[in-house]
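Asker: I have a structure here, written as structure tokens, and I will follow up with some questions on it.
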Amino acid sequence: MAKHFVLVAGNISSGKTSLTEGLGGRLGWATAYESVADNPYLSDFYSDMQAWAFHLQIFFLGHRAEQHMALARIPQSAIIDRSIYEDAEIFARAALNLGAISERDYQTYRRVFDLVVGSLPPPDLIIYLRTPVEVLLDRIRARGRDMEKGISLEYLNLLDSYYQEWLAGFDLCPVLSIRSDDLDFVHRPQHLEKVVERIQDKLLGREEIEFPTN
């Protein structure tokens with residue numbers, strides 16, 4: 001089988017980790033995940049964005065570049081929970097918009113980001129999980145992570161708007177957009193199978209067909 005290198009993108013709590021785990025197990029692909037529990041800056045960032053936003057962005061840039069390069073080079077197919085592109089196009093832009101990063105620091109970060117990303121091989125596919133922000137906020141509250149208590153509906157809306165802008169102009173590889181609020185990748189195997197079918201069709205260039213989720 002041909003090797004495929006796939007990235008999963010989406011707003012906070014859109015289901016990226018569950019889908020990455022499910023596809024990795026179902027297809028036998030190597031997996032990598034966003035650094036959350038072992039992230040040295042994330043909790044500080046959510047408690048004081050202005051003080052820690054730049055540090056967090058630099059940490060994620062190095063972390064994701066290492067993941068991206070490592071899994072792009074291995075011989076087997078691989079999938080990563082969150083893409084490196086979202087760091088700049090979504091989260092750094094949001095930090096600038098909210099005043100957590102100055103224009104000077106943002107431009108410095110973007111120069112380094114562009115240099116790093118320019119040396120990375122493009123993925124074969126990005127899976128974008130789109131979810132209404134109200135659903136995202138409910139999920140965030142339900143999972144009860146202390147570091148996420150400060151996430152607001154306004155912040156999620158801002159991120160969502162940047163996702164729409166980014167994907168409208170993204171052309172490095174095909175994008176498969178899947179609405180995830182009615183899907184349960186963990187407890188409903190048929191949902192995961194439908195996603196697998198859509199991924200295979202997209203990788204083969206076949207026309208996409210929407211599927212029922214019940």
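The values are calculated or read from the model by the stated rules, or taken from the named source; none is laboratory data. All values reported here derive from a predicted model rather than from experimental measurement. Methodologically, a virtual Cβ is constructed for each residue, glycine included, from the backbone with ideal geometry; neighbour enumeration extends over all protein chains shown.
Asker: Of the residues that sit in segment 198-214 and are at pLDDT 90 or above and farther than 17 Å from G24 by Cβ, which one is nearest to the chain's Cα centre (by Cα)?
Answerer: Taking the candidates together, the pick is K202.
Asker: For segment 1-8, indicate whether the set of residues that are in contact (Cβ under 8 Å) with a residue 60 or more places away in the chain, under 17 Å from Y155 (Cβ atoms) and in a loop (DSSP other than H, G, I, E, B) is non-empty.
Answerer: no
Asker: Can you go through D171, D201 and tell me which one is without any contact (Cβ under 8 Å) to a residue 24 or more places away in the chain, in a loop (DSSP other than H, G, I, E, B) and out of contact with any helix residue (DSSP H, G or I) (no Cβ under 8 Å at 6 or more places or on another chain)?
Answerer: D171
Each row is one residue, and each column tells you yes or no for (1) at negative phi; (2) buried (at least 17 other Cβ atoms within 10 Å of the Cβ); (3) not in a helix (DSSP H, G or I).
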site	(1), (2), (3)
S14	yes, yes, yes
L19	yes, yes, no
N39	yes, no, yes
Q50	yes, no, no
Q57	yes, yes, no
L61	yes, yes, no
Q67	yes, yes, no
Q76	yes, no, yes
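Asker: Now, a different point. Residues being surrounded by fewer than 20 Cβ atoms within 10 Å (Cβ to Cβ) and assigned to a helix (DSSP H, G or I): count how many of those fall in segment 107-132.
Answerer: 10
Asker: Hey, another quick one. Got a sec? Which of I90, I140, I151, I178 is in a helix (DSSP H, G or I) and at pLDDT below 95?
Answerer: I140
Asker: Mind counting the residues in segment 135-148 that are touching a helix residue (DSSP H, G or I) at 6+ places or on another chain (Cβ under 8 Å) and surrounded by 12 or more Cβ atoms within 10 Å (Cβ to Cβ)?
Answerer: The total comes to 5.
Asker: Output the residue which, of all residues in segment 115-138 that are within 18 Å of H63 (Cα to Cα) and in contact (Cβ under 8 Å) with a residue 24 or more places away in the chain, is nearest to the chain's Cα centre (by Cα).
Answerer: The qualifying residue nearest to the chain's Cα centre (by Cα) is P123.
Asker: If you go through segment 86-114 one residue at a time, how many are among the hydroxyl-bearing types (S, T, Y) and either touching a Cys at 6+ places or on another chain (Cβ under 8 Å) or touching a residue at least 24 places away in the same chain (Cβ under 8 Å) (or both)?
Answerer: The initial filter retains those residues of segment 86-114 that are among the hydroxyl-bearing types (S, T, Y), namely 102, 106, 108-109.
Now drop any that are not either touching a Cys at 6+ places or on another chain (Cβ under 8 Å) or touching a residue at least 24 places away in the same chain (Cβ under 8 Å) (or both), which leaves 109.
The number of residues fulfilling the criteria is 1.
Asker: Could you grab the pairs with beta carbons closer than 7 Å, sequence gap of 6+ or different chains, first residue in segment 65-85 and within 9 Å of A30 (Cβ to Cβ), second one buried (at least 20 other Cβ atoms within 10 Å of the Cβ) and hydroxyl-bearing (S, T, Y)?
Answerer: I79/T20
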